[in-house]
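To start, the structure itself, in structure tokens.
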Amino acid sequence: MMHLHMIGLAVAIAVFIRCASQLAVPTKRWSLRWARAQTAFVVPPLFLFATAVSILAMGTNGPAVWDSWTSYGLSLGVVLCLFGLWIYLGWLAIKTRWKMRLCPQQPIETAFGAVPGRVVSVREIFSAQVGLWSSDLVVSEGLLARLDAEHLSAVIAHELGHVLYRDTFWFFWLGGLRRVSGWLPYSEALWQELLLLREVRADHWASRQVDSLVLAESLVSVVTAPLMMAESICPGFSCAAPRSRLAQRIDALLSDDLSGLSRVSLGSFAAIALSLTPLLVIPFHH
């Protein structure tokens with residue numbers, strides 16, 4: 001029953017980490033919120049995935065045939081499910097990018113120079129980055145018609161912040177973890193927190209290129225536009241969001257405690273590395 005015990009223990013640890021993350025004292029420090037959300041969101045499913053891979057690597061040999069094949073089947077299902085989701089999301093991202101590349105390309109004039117982009121022929125207000133490691137700027141005709149040059153520059157600066165941090169690439173992988181671990185406690189709450197922090201980080205970078213008040217005005221004007229693409233593959237300035245997220249983004253623009261938001265937390269990196277420890281038992285399996 002060793003392998004089934006491993007699965008049961010891994011599930012218990014994953015649930016405990018998620019529940020324990022909600023017991024932490026709330027903080028207004030954006031850098032600490034990013035580290036906490038990232039760790040609580042990534043570590044539990046990654047620990048389960050590493051456990052599943054280790055059981056697959058150890059095989060079905062053993063005296064307890066029922067235990068061996070049951071644990072092997074469960075582990076295979078977890079691995080295939082995760083890879084299947086990533087393949088689906090990858091296909092969706094590539095399909096979306098191909099569709100957007102049918103739109104005419106034109107330079108978007110901003111206060112800091114012309115930025116290449118593609119224009120979608122819709123009246124709704126929309127802007128986003130579409131792609132994976134490299135991404136294309138996509139804006140709507142409605143956005144170009146509604147905003148003046150100053151506010152348009154603020155929106156484009158935000159989009160360039162997403163490019164700088166490769167948000168399309170990293171949230172592609174996080175989106176797969178979100179779907180496969182949706183049954184774990186607080187998955188949706190942590191996902192929404194990461195989406196908020198992603199936008200706050202891009203806002204912070206944009207505020208160093210344009211005036212913060214202009215950026216806040218653009219938020220109020222644009223961010224309530226209807227969602228045209230999934231946020232997991234197309235991060236953008238104009239996205240459907242709860243009013244609380246809009247209020248927090250405006251509060252963050254007026255905050256001075258955003259310096260650590262762009263840095264990788266060593267604590268988060270160590271926690272993610274520890275989540276892979278089930279792989280260490282493979283060489284010692286007989």
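Taking the numbered list (1) outside the structural domain of L132 (by TED's automatic domain parsing); (2) modelled with pLDDT under 75; (3) among the aliphatic types (A, V, I, L, M) in turn, L274 passes all entries but (2).
Checked against (1) part of a helix (DSSP H, G or I); (2) closer than 26 Å to W191 by Cβ; (3) over 23 Å from the mean Cα position of the chain (by Cα); (4) in contact (Cβ under 8 Å) with a residue 12 or more places away in the chain, G77 meets all criteria but (4). Restrict the check to the stretch 240-259 and report whether at least one residue is modelled with pLDDT of 55 or more, hydrophobic (A, V, I, L, M, F, W, C) and closer than 17 Å to T110 by Cα. Scanning the stretch 240-259 turns up no residue that is modelled with pLDDT of 55 or more, hydrophobic (A, V, I, L, M, F, W, C) and closer than 17 Å to T110 by Cα.
The values are calculated or read from the model by the stated rules, or taken from the named source; none is laboratory data. This structure is a prediction, so every number in the text was calculated from the model and none was measured. No Cβ is skipped: glycine too gets one built from the backbone with ideal geometry, and neighbour counts run over all protein chains shown.
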